[in-house]
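Take a look at the structure set out below.
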Amino acid sequence: MKNLMTNNRVPPHCRPCMPVLPAPRAGTTLTEVLIALAIMAIGIVSVATMFPLSVIRAVQASQLTNATILRFNAEAMLDTDRKVIFDPNRNSNLKEHYNTFYVVDPVGYYTARADVNPNDDLSGSSAADLFGYDNNNAIRSFTKRYGGVALPLAKWDTDGSGKVTAREAIAAGNFLTTLPDTWILESEDFATTTAADLMSVTFGKADLTNIVDPGDPTKLRTDQLIRAHLFDNSGRQSQVRTLTGANKNTRTISWADALPGRLGTTVGQVKIEIQDRRFTWLLTVRRQPRGAANMDVVVFFNRTYLPKEEQIILNSDKLVFTQASDIATVQYPSNSPPWVAKGGWCFDPTNAHWYRIQNFSTVDNGGTTTATLRLSTRSSGNGRGVMFFRGVIDVYPIGTLNPS
């Protein structure tokens with residue numbers, strides 16, 4: 001008894017109740033994981049959608065930059081050669097175009113003539129004289145078209161025929177209307193033989209198919225500017241020459257100006273390039289009664305030169321453009337729609353004006369579609385037809401120029 005009282009211990013079941021603390025967790029719940037994944041997914045999707053948009057904006061910025069450069073090139077050319085505007089058919093009759101409107105389209109004009117006859121000497125009239133076709137060439141345009149380019153024989157008669165043909169004039173049009181630094185590498189090889197006069201080389205393996213005339217593999221094609229980068233054997237010096245001849249059978253190319261002696265007596269590597277007409281321009285000209293010209297520079301990206309791309313659409317019972325209205329209405333077969341796009345451009349061939357399409361809507365009337373276009377500006381006059389073009393980057397109004 002004494003021992004029991006001395007120890008005075010309380011049995012465990014008699015001790016007061018103590019609070020039990022929960023054990024610390026070692027992870028997260030499934031709900032927390034799902035919420036975190038949802039937040040992360042929203043962020044990833046938001047960032048991912050920015051990449052395609054940034055690529056599109058970068059492409060648009062590049063196109064607008066190149067188009068603006070080409071616009072300034074066109075203006076500089078007009079400052080040095082006003083006949084492109086005021087005497088576009090180069091017949092020295094400056095007054096015949098007073099109070100008219102027309103298109104100066106060097107590449108399109110000569111391409112259209114060459115499609116009919118590559119050896120056309122550019123004399124007389126042609127279907128190319130009018131800007132626009134329909135699929136059957138039944139509807140004629142209201143707008144005249146000219147090449148506008150001076151064609152000296154010494155520069156553009158590359159085949160020595162004594163005349164500049166339509167195919168040769170295409171190269172002149174490319175030279176005038178494209179960016180001078182856009183070239184495509186066509187072929188490269190090392191020269192096996194260099195002529196003693198340093199005006200031609202022969203290759204061992206180079207394929208010259210794309211730089212020779214399709215009808216005569218012993219002649220250089222004349223519808224494109226083609227140049228060669230010619231390196232010496234060390235690869236440290238080079239010269240650029242515009243080609244004047246090519247022979248696929250012998251794998252030989254030639255040029256007019258001899259290479260300088262510092263390049264040596266033999267040529268090493270040769271790179272052959274064709275001018276790329278990725279960006280091109282044309283002019284729309286509206287002449288006033290006293291001869292002044294109000295103009296636009298229209299810049300294209302990868303323009304195609306096909307009759308169907310110049311299709312004129314006429315309504316059967318109404319005008320397309322109404323003066324002072326920013327609404328245009330066009331009717332066309334539902335199974336053959338033209339290229340109409342929001343932000344694209346359309347051309348009024350009656351008045352030679354371009355309009356950007358801000359928005360449009362269509363209604364199918366059983367085989368015939370009616371498209372209602374909202375234009376960026378009000379129409380300058382009543383218009384009977386409309387043309388839609390792919391690849392128009394921008395239309396630059398450059399004001400009014402006087403003949404002198």
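Using a Förster radius of 45 Å, what is the FRET efficiency between Ala154 and Val55 based on their Cβ-Cβ separation? Nearest 0.05, please.
Step by step, r from the Cβ atoms, then E = 0.45.
How big is the chain in terms of Cα radius of gyration and Dmax, in angstroms?
Taking only Cα atoms of the chain, I get Rg and Dmax of 34.8, 144 Å.
For Ala76 paired with Ser92, estimate the spin-label separation in nm (one decimal), with each label point 7 Å from Cα along the Cα-to-Cβ line.
3.1 nm
So if R0 is 60 Å, what FRET efficiency would Ala38 and Lys308 give, r being the distance between their Cβ atoms, rounded to the nearest 0.05?
The pair Ala38/Lys308 has a calculated efficiency of 0.70.
Each residue of segment 148-160 in order: what ³J(HN,Hα) in whole Hz does its phi give by Karplus 6.51 cos²θ - 1.76 cosθ + 1.60, θ = phi - 60°, with x for Gly and Pro?
Couplings: x, 9, 6, 10, x, 4, 4, 9, 10, 7, 6, 9, x Hz.
I need the peptides 228-240, 103-115 ranked by packing, meaning the mean over residues of other C-beta atoms within 10 angstrom, with the highest value on top.
Details: 228-240: 15.5, 103-115: 24.6.
For the peptides 228-240, 103-115, the packing ranking is 103-115, 228-240.
Need the full-extension length gain, Thr65 to Thr242, defined as separation in residues times 0.36 nm minus the C-alpha distance. One decimal, nm.
Result: 61.0 nm gained on full extension.
What shape does segment 106-200 take by its C-alpha gyration tensor, where a ≥ b ≥ c are the square roots of the eigenvalues and a/c under 1.5 counts as rounded, a/b above b/c as prolate, and the rest as oblate?
Values: a/c = 2.65, a/b = 2.03, b/c = 1.30.
Cα axes put segment 106-200 in the prolate bin.
Using only Cα atoms, find the angle between the long axis of helix 106-116 and the longest principal axis of the chain, and express it within 0 to 90 degrees, rounded to the nearest 10.
The angle comes out near 70 degrees.
Under the 0.36 nm per residue contour assumption, what length would be gained going from the current alpha-carbon distance of Thr182 and Asn335 to full extension? Could you put the intermediate results ahead of the total?
Working: separation 153, 0.36 × 153 = 55.08 nm, distance 3.79 nm.
Gain in length upon complete extension: 51.3 nm.
Lys205: which aspartates and glutamates have alpha carbons under 18 Å from its alpha carbon, excluding same-chain residues fewer than 8 sequence positions away?
Glu186, Glu188, Asp189, Glu273
Using θ = phi - 60° and the Karplus curve 6.51 cos²θ - 1.76 cosθ + 1.60, what whole-Hz ³J(HN,Hα) does each residue of segment 319-333 get, with Gly and Pro shown as x?
6, 7, 10, 10, 3, 6, 10, 9, 10, 10, 10, 9, 10, 8, x
For segment 247-259, in order, what is each residue's ³J(HN,Hα) by Karplus, 6.51 cos²θ - 1.76 cosθ + 1.60 with θ = phi - 60°, in whole Hz (x at glycine and Pro)?
Once rounded to whole Hz, the list reads 9, 5, 5, 9, 6, 10, 10, 9, 9, 8, 9, 4, 6.
With N denoting the number of residues in segment 183-275, provide Rg(C-alpha) divided by 2.2 N^0.38 Å, to two decimal places.
0.98
Could you size up the charge dipole of the chain around its Cα centre, putting +1 on the beta carbon of Lys and Arg and -1 on that of Asp and Glu, and report it in debye to the nearest 20?
Using Cβ point charges on Lys, Arg, Asp and Glu, the chain gives about 1760 debye.
List every residue whose amide H lies under 5 Å from the amide H of Arg145, counting only residues 5 or more places away in sequence or on a different chain, with H placed 1.01 Å from N in the peptide plane.
Counting only residues 5 or more places away or on other chains, the set is Val103, Leu130, Phe131.
Here, each number is a calculation from the coordinates, and none is a lab measurement. A quick note: this is a predicted structure, and the numbers were derived from the prediction, not measured. All Cβ positions, glycine included, derive from the backbone under ideal geometry; neighbour counts span all protein chains shown.
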